[in-house]
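One structure, pasted below without further comment.
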Amino acid sequence: MTKSWSAVILAGGLGSRLNPLTAKICKPMVPVGNKPMVDYAIDHLRYAGIKKIIIVVKHLGDKLRNLIQTTWDSKRLAEIGLEVLVPHVDSKGTADAVRKVSHLIDTDNFVVSMADIVTNLPIREFMEFHEKKNAQATVSMKRIEEMATKYGNTLLDSESRIIRFLEKPSSEEIYLSALTGGASDPLPIINTGIYCFKHDILKLINSSDFMDFGKEVFPYLLEHRYSLYGFVRNYYWLDVGNPTTYLWSNWDVLRLYGYPITPYGTRQGNEHIWYLNNEKPTVSHDNFVCFGSDNHFGDNSYIHELSVIGSHCQIGSNTHISRSVIWDNCKIGNNVQIEQSVIADGCTIGDNCVIRSNSIIGPNATISSGITLDAQTIKEDSTIH
Amino acid sequence: MSEITNLKDIINRGRIQAIGNEILTPELAAKIGAAFGTYLGSKGIAVIAREYSNNNRMLKRAFIGGLMSSGVDILNLHSAPVSVLQFSIRRFGASAGAYFSSVSTGKMQNQIRFYDSSGIEFDIKKLDSVNEYLRQNKINRAKPLDVGAITDIPHTQDIYRKAIPQLVDQNLFKNKKQMHVVCDCSYGPGSIVLPGILTSLKVDVIAINAYENDQKSAEMYPNLRSIKSAVNIVKASQADLGVILDTDGSRALYIDETGKILTFEELMMFFMKYDPIISSTKEQPIITTKTASKIIGEFAQELGGFTLLKTRNFPGEISRELREQRGIFGGADTMKFYFPNYGPFSDGVYTTLKILEILAREKIPLSALIRSFPRTIHSYKSISTSYENMSTCKESLRELIQTQGKANIDYQDIIIGMKLIFKDLGWVSICPSMHANAVELEAEGLNAEKSEILIAKAEEFIQSII
C-alpha cells in the first residue's frame, strides 16, 4: 500500500511565538529531546513506510536545508531506502508550497505534514482510512482541550464526512455549531494539520490560485462536494506554540508519549535515558533524561528527571538541573540551580545563579554570577548583570 | 468597613471570599470585573456563571459590568454548576471564566473564582496579577464602541447533558438491570443536569432538594440534617447509590446501598482498582494531596506499578499537576476526583457516572466492592454531644482556627466534616456520627503515638467549642 504514497513536509514556520528561542533558527530546527522538530516529522512518515519525502523550507531555508542534508546524508538515506528532497522553491502558503513541488509528487496518494508539531498520530491507520473511504482529501483531527478558537474547527457526520469548517471560529460560533450538530461532542474537533490527498487534487491546486489549505482549498472542496473526510482519533499531539508547551514537549518525548518518536541517542535498556553516540555522561542523573555528546561536568552536579542536556556543554560543580532543557554549547558555572527553564545555544551562566519557573534564556545570552531569574525571558545576545 | 482596595484583604486560601453586600459589594465586584478584564486583555472572552441566590446574582451582574467595560466579550451561562462552566470554557474555546458561589460557612459569605482557558482555577500568582490591576487602579477601559459584548448561551446545559454520557460506556447502563440512585442536589444548580443525565442513561432517580430554594434561610447545604435524610432515603428505597452534591456541583458525598458514606480513601481505591482505564495505565502517575492517607500509597503498591505523586491542596493545584505530569487520575481529600480523559477538574456529575459505570460493569453492590479495601492505622474516638453541637461543629472549628490563628494547623473541608492537619504530627478528621449524637474523631499520625496526640488535641478543640 505505502508504495503508492509519498509525502510533503511543510517546514516554513518562523516560530515567532517561541521567541527568543527562534531568534537565530527557524521553528523546524528547534530541538525537542536533542532532535530538531523537522526530524520528528521525517521519522513519523518513514515509520509509516513512506519512501519519498519532499520538504518545503522557507524562513532561514538554507540553514534548515543544510541541517536536513547533514542529518539525512546520502549514505544514511541509501541504508534506509528513503528519498528526501529539499527543493529550492519560494512558497506563499501551504497550498502554494504543494503546488510548487507538485511535479515531484508521483504517487497515487500523498501526505502533507508539518514540521512544527510533535505527534504520534497513527499515520498508517490514517492513510488506510483515506484509501478505504476513497476520499479525495482526509484531514487529521482530534478533540482539543482548550483554546479551540485558535484552530480550525470541524463538524463531521456519522460517516466521518466533513460537513462544515470553521476557520479559527469565535466562541459564539462554536456554541452555535454545537447546537446545529455535534452537541454530543464533549470537546471541539480541530484540524491537527496533517492531510492525505489523492494525486488528482494537484490538478485543482495547479489550476487555481489557492494559497492556503485551511482557508481556501478545504472550503472549496466542501462547497463543491468533493469527498472530504475527517480522521478523528485520540493521539498525542502538541502544538509547540510557546515556551511553556515547548518544555512540555520535551518532557513528553522523554516520557515516550510520542512513541515511536523518541529523543536522539541510544536508549539505555528499558529506562527513559538516552545518550547520544552511546556516550555515558560523567554526571549522576535520574531517569527521564537525555544527553548529547562531548559534555563536561564538575563534581557533585546532578541532572534531575525531565531534563535534556545538549552537546558540547560545560557544566560546573554542585550544579543541579531539573525539568529543564539546555541546548548546545552552553557554559554553566558552579552552584547553579536551573529548574523548569530553557537555556538556548551558546549561553553562559555564571556561578551561584538560580534560574527557575519557566525562565527562557535566548541564544548567546550571558547571565552574570549570583543572578536569580524567576519566570523571566532573556533576549538573545543580551547580558544580565 | 472601609472600601477594599487590595484583594489580599479578602483572599482566603487562594480565593476571593467575603460577606456578600457588606464587604463584597456590587461596587467592588464591578472593580474586580474590570481588573479581571484588564488581566485578560480586550480580545478575551470569558464564560460567567453562578450558583443560585440573589447575592450571587447581584455580584455577577455587577462584575459583568466591570468586565465588559474592559472590552472583554462574555458568554453568560446564568445559573450552572461550576463544572458546567469549566466544561463550557473548553467546549467553546473561551479564554477564561468566573464563577460566583456561596461559601459553606453559614455567614453568607460569597466567593469569586477565576478559571483559565483549560478550565483550571487560577493559582495565587494569577490572582495576584489581577489584584495588582485593582490595587494600582490600572484598569484598561475600552472605548465606547469597543465595550465587550454579552451573549447568552442558554442551551449549554443541553450540550453538557448530551456530551458527558459519551465519556462512559453507555451500553453498560442499557444492558444491566436498572440502577436506582438517590440524588440530593443541595438546592444547587447541579439539579439542572444530574437527574436528567441519569434518567437519559435509564437510571431510576429519586431527586431531592432539586430546585432553586428562594427561602431567605442562612442554612447551608449539604448539612447534617440533609445528609442524614439522604442516608435514610437510600436505605429505605434500597437504592444502589446515594449522591449528595455540594452546592457548586464540583464534588459530592457518596452513600453505598447500606447507608454508609464512603470515605475519600475508599473512593480513591475504588477507582484505582475497578476503573479499567486507570488500572491499566500504570505508566502515568496518580496525583493526590499531601494530606491524603498513606493507605492510598500502600494500596497503589499492592496493586503494583502505580506512581503516586502528592501535591498541596490549593485551588487548581491537582489540575495543574495532572497536566504537567500527564497524570491518569487525581483525587483530593476534599472529595474531589479528577479524570483527565474528561477534563483536568473535578465534576461531581462525572464522578457519579464513573461510579455507576463501575457498578454496572462489576454487577456487585458498592459495599461489597469496597469491603476488602485495607484500612489505615487510625486512632479513633467518639465524643457524645448534642445534635445542635454536631450541626455547628464544622463551622465552629473553622472559625476557631481562622480567628485564633492557630499556628501549625491547617484544615480541609471534607463536606461532612473537617480534616485538621497538624504540622509534624499528621491529620485528624472530625465528623458528626450518622448513628448517634456524637462527633467522631479519626486520626492518622506519622506514627501510632502521634495518632494518640492528634486525638487528644482534637478532643481539646471539640471541648472548647461545645
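For the pairs A:35/B:282; A:35/A:203; B:282/B:336; A:24/A:92, flag any whose C-alpha to C-alpha distance is greater than 24 Å.
On the way: A:35/B:282 27 Å; A:35/A:203 36 Å; B:282/B:336 21 Å; A:24/A:92 22 Å.
Over 24 Å Cα-Cα: A:35/B:282; A:35/A:203.
Identify which of A:198, A:92, A:150 has the largest mean-square fluctuation in a Gaussian network model of chain A, with springs joining Cα atoms closer than 10 Å.
A:150
Of all the Cα-Cα pairs you can form in chain A, what percent are over 25 Å apart?
The proportion of pairs with Cα distances above 25 Å equals 57 percent.
Taking loop as defined by DSSP and a crowding limit of 16 other beta carbons within 10 Å, which trypsin sites (Lys or Arg not before Pro) in region A:199-300 fit?
Values: sites: A:203, A:215, A:225, A:233, A:255, A:267; in loops: A:225, A:233, A:255.
In loop regions of region A:199-300 (DSSP not H, G, I, E or B), the sparsely surrounded trypsin sites (Lys or Arg not before Pro) are A:225, A:233.
So, in Å, what gap is there between the alpha-carbon centers of region A:282-335 and region B:46-110?
Result: 46 Å between the Cα centres.
How much of the pair distance distribution for the protein assembly as shown lies past 44 Å, counting alpha-carbon pairs only, in percent? Don't skip to the answer; put the middle values down first.
Details: 122969 of 361675 pairs.
Pairs farther apart than 44 Å: 34 percent.
Would you kindly give the portion of the calculated P(r) for region B:196-310 that falls above 21 Å, as a percent of all Cα pairs?
Numbers: 3391 of 6555 pairs.
So the portion of pairs separated by more than 21 Å is 52 percent.
Okay, next question. Hand me the GluC sites (Glu not before Pro) from region B:1-107 located in a DSSP loop with no more than 14 other Cβ atoms within 10 Å, in residue order please. Walk me through the intermediate numbers first.
Details: sites: B:3, B:22, B:27, B:51; in loops: B:3, B:22, B:51.
Passing both the DSSP loop test and the Cβ count: B:3, B:22.
I'd like the orientation of helix B:264-274 relative to chain B: the angle between its Cα long axis and the longest Cα principal axis, in ° from 0 to 90, rounded to 10.
So the helix axis and the longest Cα principal axis differ by about 80 degrees.
In nm, to one decimal, how far is the modelled label at residue B:409 from the one at residue B:174, with both set 7 Å along Cα→Cβ?
So the label points at residue B:409 and residue B:174 sit 5.5 nm apart.
Then there's this: So how tilted is helix B:124-135 from the main axis of chain B? Cα-based, degrees 0 to 90, rounded to 10.
30
Using only the alpha carbons, work out the radius of gyration and Dmax of region A:219-334 in angstrom.
In order Rg, Dmax, the Cα atoms of region A:219-334 give 18.9, 68 Å.
May I pose another question? Let me check against my output: what whole-number percent is the relative contact order of chain B, with C-alpha pairs under 8 Å and at least 6 apart?
Working: 963 pairs, mean separation 55.1, N = 466.
Relative contact order comes out at 12 percent.
For B:194, A:187, what's the fewest-to-most ordering of other Cβ within 10 Å of each Cβ? Spell out each step's value before the answer.
Working: B:194 30, A:187 20.
Exposure proxy ranking, most exposed first: A:187, B:194.
So, one more: Cut-off under 23 Å on the C-alpha distance; same-chain residues fewer than 8 positions from residue B:363 excluded. Which lysines are left, in chain and number order?
Partners found: B:174, B:176, B:177, B:202, B:235, B:260, B:273, B:354.
For region B:379-465, what mean projected area does the convex hull of the alpha carbons give, in nm²?
The orientation-averaged projected area of the Cα hull of region B:379-465 comes to 5.0 nm².
Over chain A, with a Gaussian network built from C-alpha contacts below 10 Å, which listed residue (A:99, A:17, A:356) shows the highest mean-square fluctuation?
Top of the fluctuation ranking is A:17.
Can you give the alpha-carbon Rg of chain B over 2.2 N^0.38 Å, where N counts its residues? The partial results should precede the final answer.
On the way: Rg = 21.8 Å, N = 466, 2.2 N^0.38 = 22.7 Å.
Compared with the compact-globule rule of thumb, chain B sits at 0.96.
Give me the mean projected area, in nm² to one decimal, of the convex hull enclosing the Cα positions of region A:146-254. Please report the intermediate quantities before stating the final value.
Details: hull surface 34.3 nm².
So the mean shadow area of the Cα hull is 8.6 nm².
Could you work out the equivalent-ellipsoid semi-axes for region B:159-371, taking the square root of 5 times each eigenvalue of the Cα gyration tensor, largest first, in whole Å? Working shown, then result.
Numbers: eigenvalues 141, 78, 56 Å².
Semi-axes (√(5λ), whole Å): 27, 20, 17.
Cβ neighbours within 10 Å, averaged per peptide: list A:288-297, B:229-238 in order, most packed at the top. Walk me through the numbers on the way to the answer.
On the way: A:288-297: 21.5, B:229-238: 17.4.
Final packing ranking: A:288-297, B:229-238.
Sticking with this structure for a sec: For a protection proxy built on the mean count of beta-carbon atoms within 10 angstrom, sort B:314-320, B:295-301 highest first, please. Provide the component values of the computation, followed by the final result.
Numbers: B:314-320: 22.0, B:295-301: 17.9.
The densest-packed peptide leads the list: B:314-320, B:295-301.
Out of A:121, A:156, A:254, any idea which swings most in a Gaussian network model of chain A, alpha carbons joined below 10 Å?
Looking only at A:121, A:156, A:254, the largest GNM fluctuation is found for A:156.
Moving on to the next point. Mind jotting down a quarter of the surface of the convex hull over the alpha carbons of region A:266-384, in square nanometres, one decimal? Working shown, then result.
On the way: hull surface 23.4 nm².
Hull-based average projected area comes out at 5.9 nm².
Shielding by partners for B:90-101, please: the mean number of other protein chain Cβ atoms within 10 Å of each residue's Cβ. Intermediate results must be reported in sequence, preceding the final value.
Working: counts 9, 11, 13, 18, 8, 5, 0, 0, 0, 0, 0, 0.
Per residue, the average neighbour count from other chains is 5.
Another question about this same structure. Could you line up B:147, A:139, A:84 from fewest to most neighbouring Cβ atoms inside 10 Å? All intermediate terms of the calculation are to be shown ahead of the outcome.
Details: B:147 17, A:139 30, A:84 20.
Listed from fewest to most nearby Cβ atoms, that is B:147, A:84, A:139.
Determine the calculated [θ] at 222 nm for the protein assembly as shown from helices alone, applying -39500 (n - 2.57) to every DSSP H run no shorter than 4 residues and normalising by the residue count; nearest 500 deg cm²/dmol.
Working: 25 runs with 259 residues, N = 851.
Theoretical 222 nm ellipticity from helices: -9000 deg cm²/dmol.
Here's another thing I want to ask about it. Spin-label point model (7 Å from Cα, Cβ direction): what's the residue A:90 to residue A:279 distance in nm?
4.0
Let me ask something additional. Starting from the 7 Å offset along Cα-to-Cβ, what nm value, one decimal, do you get for the label separation of residue A:65 and residue B:145?
4.8
Let me make sure I get this right: for region B:262-326, a, b and c are the square roots of the gyration tensor eigenvalues over alpha carbons, sorted descending. Under 1.5 in a/c it's rounded, otherwise prolate if a/b > b/c, else oblate. Which is it? List each step's numbers first, then the result.
Details: a/c = 1.70, a/b = 1.22, b/c = 1.39.
Cα axes put region B:262-326 in the oblate bin.
Once all Cα-Cα distances of region B:7-154 are split into 5 Å bins that start at 0, what whole-number percent is in each one?
Result, from short to long distances: 2, 11, 21, 26, 23, 13, 4, 0, 0 percent.
Another question, then. Can you figure out the FRET efficiency of residue A:271 with residue B:447, using R₀ = 41 Å and their beta-carbon distance, to the nearest 0.05?
Values: r = 35 Å, r/R0 = 0.85.
My answer for the efficiency is 0.75.
Also: Using only Cα atoms and rounding to the nearest 10 degrees, what angle (0 to 90) does helix B:54-69 make with the longest principal axis of chain B?
40
Let me ask something else. I need the chymotrypsin sites (Phe, Trp or Tyr not before Pro) found in region B:5-81, filtered to DSSP loop residues with at most 13 other beta carbons within 10 Å of theirs. Could the numbers behind the result be given before it?
On the way: sites: B:36, B:39, B:52, B:63; in loops: B:52.
Those that pass, being in a loop and sparsely packed, number zero.
Each reported figure results from applying straightforward, stated rules to the coordinates on display, with no laboratory input. No experiment lies behind these values; they were computed from the predicted model shown. Positions of Cβ are backbone-derived with ideal geometry, glycine not excepted, and every protein chain shown enters the neighbour counts.
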